[in-house]
Amino acid sequence: SALPVAAVIAGLLLGLRSVYAALLGVVLALLGCVIGFPLSAAKAAQAVVAWLPVLVEVLLIVGGGLLLSEVLRTAGAQKALAQWVLGRTGQGVGAVLLVVHGVTPFAESLTGFGIGITIGIPLLAHSGLPARKVAVIGLLGLCAVPWGSMGPGTLIAATMSGLSFDALGVASAWVSMIPMVVVGMAAAWLASDSGQRGVAMLQGALSGLLLAAAIGVSNVLAGTSAAGALGALVMTVLWLWLGGRG
């Protein structure tokens, strides 16, 4: 089960193009499924039919998100939006935390499947940070996974465990406080100068606590489906407001 992921990582480290590395992982995953879970042709066809709607939905969501990102890039909207955001928050830690705890979780909660980084990374690309830091910080923004794509993963987990959907959402908000704080501190550390990292990491920790609290309150008031988007929206407005004051 670890081989497909390990193969993709190894392929990227050896210099393979991302498409070829991904295809290598897909082929190994299919081989692993055939070896580990052998199915007859009839059962395999039945499984394909059963999962086809989900597959189509995922492809439409991912394809739509990538298309939106490309249209915005071609039209220059990403650059204009980045300049507006940076004009409100500057190129410091506030701008980075706006993306990590605001823009990316908001987009991820609405669409899921990693689409948040197709919006967050282009914004970070205009922040003046090196490309490697931009990539890492962009991935750190995927910190609201239980509410991604309006929470289908949480719904499945709640059904399998016999818990209520909203109860599991509230519990997830409590537990997610840890990764959200860690993500905020890591992003702030990467975005700050060596002499200002202590204050920056404190900002990142407080931002993570506020995001977890906002999502938790949204779970109680509006339900789990909308909680991730509402909590991230609160953080987006908050960081824009703080940036405007600064």
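If a residue has to be open to solvent by less than 90 Å² (accessible area, probe 1.4 Å) and within 20 Å of V48 (Cβ to Cβ) to count, how many in region 1-24 make the cut?
Residues meeting the conditions: 1.
Does A173 satisfy being touching a residue at least 40 places away in the same chain (Cβ under 8 Å) and farther than 15 Å from T224 by Cα?
no
Can you find even one residue in region 203-213 that is at positive phi, of a type in the set (S, T, N, Q) and either surrounded by 15 or more Cβ atoms within 10 Å (Cβ to Cβ) or out of contact with any Lys or Arg (no Cβ under 6 Å at 6 or more places or on another chain) (or both)?
As a first pass, look at region 203-213 and keep what is at positive phi: none.
Within region 203-213 (the criterion being at positive phi, of a type in the set (S, T, N, Q) and either surrounded by 15 or more Cβ atoms within 10 Å (Cβ to Cβ) or out of contact with any Lys or Arg (no Cβ under 6 Å at 6 or more places or on another chain) (or both)), the answer is no, since none of the residues qualifies.
Would you point out which residue out of V96, V136, V103 is among the aliphatic types (A, V, I, L, M), open to solvent by 70 Å² or more (accessible area, probe 1.4 Å) and at pLDDT 85 or above?
V136
For G184, indicate whether it is within 23 Å of L81 (Cβ to Cβ), of a type in the set (G, A, S) and either over 17 Å from the mean Cα position of the chain (by Cα) or open to solvent by 30 Å² or more (accessible area, probe 1.4 Å) (or both).
no
All but one of (1) at pLDDT 70 or above; (2) in a helix (DSSP H, G or I) hold for P38; which doesn't?
So the condition that P38 fails would be (2).
Which of the residues that make up region 155-181 are surrounded by 15 or more Cβ atoms within 10 Å (Cβ to Cβ) and more than 26 Å from L97 (Cα to Cα)?
Once the filter is applied, which keeps residues that are surrounded by 15 or more Cβ atoms within 10 Å (Cβ to Cβ) and more than 26 Å from L97 (Cα to Cα), region 155-181 yields L155, A157, A158, F165, D166, L168.
Cβ-Cβ below 7 Å, separation at least six or inter-chain, first residue in region 127-151 and closer than 27 Å to A222 by Cα, second open to solvent by 70 Å² or more (accessible area, probe 1.4 Å): which pairs?
Listed by first residue and then by second, the contacts come to S149/F113.
Take the residues of region 118-133 that are open to solvent by 20 Å² or more (accessible area, probe 1.4 Å) and not in a helix (DSSP H, G or I): which is modelled with the lowest pLDDT?
If we take residues in region 118-133 being open to solvent by 20 Å² or more (accessible area, probe 1.4 Å) and not in a helix (DSSP H, G or I), then H126 is modelled with the lowest pLDDT.
Inside region 25-67, can you point out the residues that are under 25 Å from S149 (Cα atoms), free of Cβ contacts under 8 Å to residues at least 60 places away in the same chain and open to solvent by less than 60 Å² (accessible area, probe 1.4 Å)?
Listed by number, the residues that qualify are G25, A29, A47, V58, V62, G63, G64, G65.
The values are calculated or read from the model by the stated rules, or taken from the named source; none is laboratory data. What you are looking at is a predicted structure, and each value in this text was computed from that prediction instead of being measured. Cβ: placed from backbone, ideal geometry, glycine included. Neighbour counts: every protein chain shown. In case anyone asks, the SASA skips ligands and DNA or RNA and just uses the protein heavy atoms, side chains included. Shrake-Rupley method; radii C 1.70, N 1.55, O 1.52, S 1.80 Å.
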